[in-house]
Amino acid sequence: MQYGGRKIELVQWSTPDQQNVHLKPSDIGVAHLAITVANLEEALKYFAEQSDVKVRELSPLGFFYITTSWGMEIQIRKQKF
C-alpha cells in the first residue's frame, strides 16, 4: 500500500492447513494498526478509489477504518498538531 510518498507492506500468510476464521476486534490475537495522515479527507478519497479496499464512514472524532481484501482493519487517523 502506498499513500503520500510513503509505502507500507501488508502481508497475508497462506498455508495448506490455514484456518479461515474472522476474529472480532476484541478477540485475543487481533492486532490494531493505525496510520496517521495530515489530510484526512484526501486520504478518505484516496482509499475509496482503491478497488480492493472497503472504506467505512468518517467518524466525527477524526478517523475512519479501511478493510483490506483479506479482512484486516486499519484505522486512518488525522494527525494532531
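Every number in this text was worked out from the coordinates using simple rules, so none of it is lab data. Bear in mind the structure is a predicted one, so any value in this text is a computation, not a measurement. Quick reminder, even Gly has a Cβ in these numbers, built from the backbone with ideal geometry, and neighbours come from all protein chains shown.
Cα atoms only, the chain: Rg and Dmax in Å?
In Å, with Rg to one decimal and Dmax whole: 13.9, 46.
Within the chain, how many lysine pairs that are 8 or more places apart, or on different chains, have C-alpha atoms less than 19 Å apart?
Summing the qualifying lysine pairs gives 7.
List the residues of region 48-81 whose backbone N lies under 17 Å from a point placed 7 Å from the Cα of residue 38 along the Cα-to-Cβ direction.
The answer is 77-81.
Along the charge dipole of region 22-63, which of 46, 61, 23 sits closest to the positive end, that is, farthest toward it, with unit charges on the beta carbon of Lys, Arg, Asp and Glu (+1, +1, -1, -1)?
My answer, from the dipole projection, is 23.
What distance in nm lies between label points placed 7 Å from Cα along the C-beta direction at residue 50 and residue 12?
About 1.2 nm, to one decimal.
From the backbone phi of region 57-69, what are the Karplus-calculated ³J(HN,Hα) couplings (6.51 cos²θ - 1.76 cosθ + 1.60, θ = phi - 60°) in whole Hz, Gly and Pro given as x?
3J(HN,Hα) across region 57-69, in whole Hz: 5, 5, 7, x, 7, x, 7, 8, 10, 10, 10, 6, 4.
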